[in-house]
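Here's the structure we're looking at; comments come further down.
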C-alpha cells in the first residue's frame, strides 16, 4: 500500500510518499516555515546595476542579495530582440530602475545571489506551462497508445496555441486526456495572466508566484493516482485534496496526533543518517556527501546473479547506479558525484555509460555524465537548483546540523508529555543555537505547557526536560 502522509507543526510541513509493505520512503516534500525556498519563484524585480563585463545585470527581487540575470534573458524580459542588437553594449539597451518579470532558476548559495531566467515554467500535474513559447510538446515517457497527433489537433482547436506547453507522462493514467489537459492548461494560463496584470499595476519589487507553496509542490511532484490512502492533520490540505476529485474514503483526516510519521513508524531519520543503501540482490553503495563533492563506493561482496560471470560486474554496477539514482533524487544531492565502481572491461564501460546516461543519470534529472577518469572512477555532475533535504532542515548549509528537524521532533515530544503525563510546567534546557532560536520564536505556544527556557551546560545532548513530574535527558 502506498500512503501520502502529510504532517504539520509550527516548524515545518512534511509530505511523505510511503510504501508501507517495503517500509520505503518514495518521495519527501518539506516546507520549512523558517527557511525560504525561492527556486522557481516568479518575481517582479527592479534592475539595480547593468554590468557589461559580466554580460548581465543585478536585479533586486526582495532578497538579502541581488539576483543576477544574463544578457539574453534580460533582453527578452524587456522585449528587445537579441539578434538585432548583438554588438550593442547592454547598458545602452536597458537601464537601472527598469522593472522585469523573471523566474529564479538557481537558489542563492553561500555568498552568491540567486540566478534568474525568462524561460519561465509553471508546473501542473499533467502539464508544464511555458508562457514565453508557442508550442506543445510531449514527454518521451508518454505511452505510444496515446494518439498525440489527434490530441494536438484537438487541443489547438479547443485551447489555441498562444503559449507553450509540455504534456507530462502523468497523462497516461487519465481516462479523458483532452478534457483534463484543456482544464489544466486554462488554469495555468489564467494564473499567468493574473501575475502579469499584478506586476503592471503595482510596479513594485514583489514575488508574484511561488512554486514552493506546499500544496503546489504536492500537486507537481506526487501522482495522486498511485496513492492508496491520504493521511493529513490539516483541514486546508484535506480541502485541497478534495478539489482533485479524490475518493473521500481514501482521505483519512486526523484531528489529534503526536506526529503522523511517528505513529506510522515512517523512518524519516534514516534520510538524514543513512549512508548505506542496499539492493535485494546483495549490491550496496556507501554515499558520503562532502562539501565539494559526493563520493560513492560500490560493494558487491554479497551480490548474487544469474548472469554470466563476464557480465556480473556490469550488472552489479547498473544496480548501484539504480540505487544511487533513487538516493540522489530523494535527498536532492547535487554537485560533483564520483563513483568507485566494480572493475569492468572497456566494452562494458561503454555500455554502462550509454545505459545510465539514458536512464538513471539522464539530463532530464539534472545529470551530466563525463565518463571514467584516468584512475578508473566514474564522474558526473548534477545541477544544483534546490537545496538538499539535509540543507532544508538545517540552520547552517555547511554544518547541516539538522536543527529544524530536531526542533520539529522536540515539538512532538512535548505534545507526548502533555498528553500522557500530568505535567503542567517544565524547564527546557537547550544548547546555545537552539536557545537563541527559541528565544526569538515561540514554537511551543499551542501545546498548553508552561515552559521555562534555559541554556544547557556542556552536554552531548541538545536538550534536557525537567519538572516535578518527569525527568527526561535524551537525544532525539
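A short reminder: the numbers here are calculations on the coordinates, not readings from a lab. Being a predicted model, the structure only gives us computed values, none of them experimental. Virtual Cβ from ideal backbone geometry, glycine too; neighbours counted across all protein chains shown.
A few points about this structure:
- Rh (Kirkwood; distinct C-alpha pairs) - the stretch 304-348, Å: 11.9 Å
- The per residue volume of the convex hull around the alpha-carbon atoms of the stretch 338-464 is 190 Å³.
- Between residue 65 and residue 424, residue separation times 0.36 nm minus the direct Cα-Cα distance comes to 124.8 nm.
- Dividing the mean sequence gap of close Cα pairs (under 8 Å, 6+ apart) by how many residues the chain holds gives a relative contact order of 13 percent.
- Here the stretch 212-300 is treated as a sphere whose radius is the Kirkwood value from Cα pairs; by Stokes-Einstein at 20 °C and 1.002 mPa s it diffuses with a coefficient of 131 µm²/s.
- Estimated inter-spin distance, residue 263 and residue 292, nm [label 7 Å along Cα→Cβ]: 4.8 nm
- Kirkwood Rh in Å, taken over the chain so that all alpha-carbon pairs contribute: 25.5 Å
- Judged by the mean number of other Cβ atoms found within 10 Å, the most tightly packed of the peptides 45-53, 265-273 leads the ranking 45-53, 265-273.
- Cα-based convex hull volume of the stretch 42-117 per residue, rounded to whole Å³: 77 Å³
- The stretch 5-144: antiparallel DSSP beta bridges as a percent of all, rounded to 5: 95 percent
- P(r) tail fraction, the stretch 122-209 - alpha-carbon pairs more than 22 Å apart, %: 29 percent
- With a Förster radius of 30 Å applied to the C-beta separation of residue 384 and residue 172, the computed FRET efficiency comes to 0.50.
- Helix-only [θ]222 nm of the chain, DSSP H runs n ≥ 4, -39500 (n - 2.57) each, per residue, nearest 500: -8500 deg cm²/dmol
- Fully extending the segment from residue 19 to residue 351 would add 116.3 nm, taking 0.36 nm per residue of separation and subtracting the current Cα-Cα distance.
- For the stretch 37-55 versus the stretch 210-256, the gap between their alpha-carbon centres in whole angstrom: 34 Å
- Calculation over all alpha carbon pairs of the stretch 274-382 in 10 angstrom steps from 0 returns a P(r) of 15, 52, 30, 3 percent.
- The radius of gyration of the Cα set in the stretch 402-472, together with its Dmax, comes out at 11.4, 30 angstrom.
- DSSP beta bridges in the chain [antiparallel fraction, %, rounded to 5]: 75 percent
- Peptide packing for 277-288, 62-73, 244-255 was compared via the average number of neighbouring C-beta atoms within 10 Å per residue; ordered from the highest value, the list is 62-73, 277-288, 244-255.
- The calculated FRET efficiency for residue 368 paired with residue 201, based on their beta-carbon distance and R0 = 41 Å, is about 0.50.
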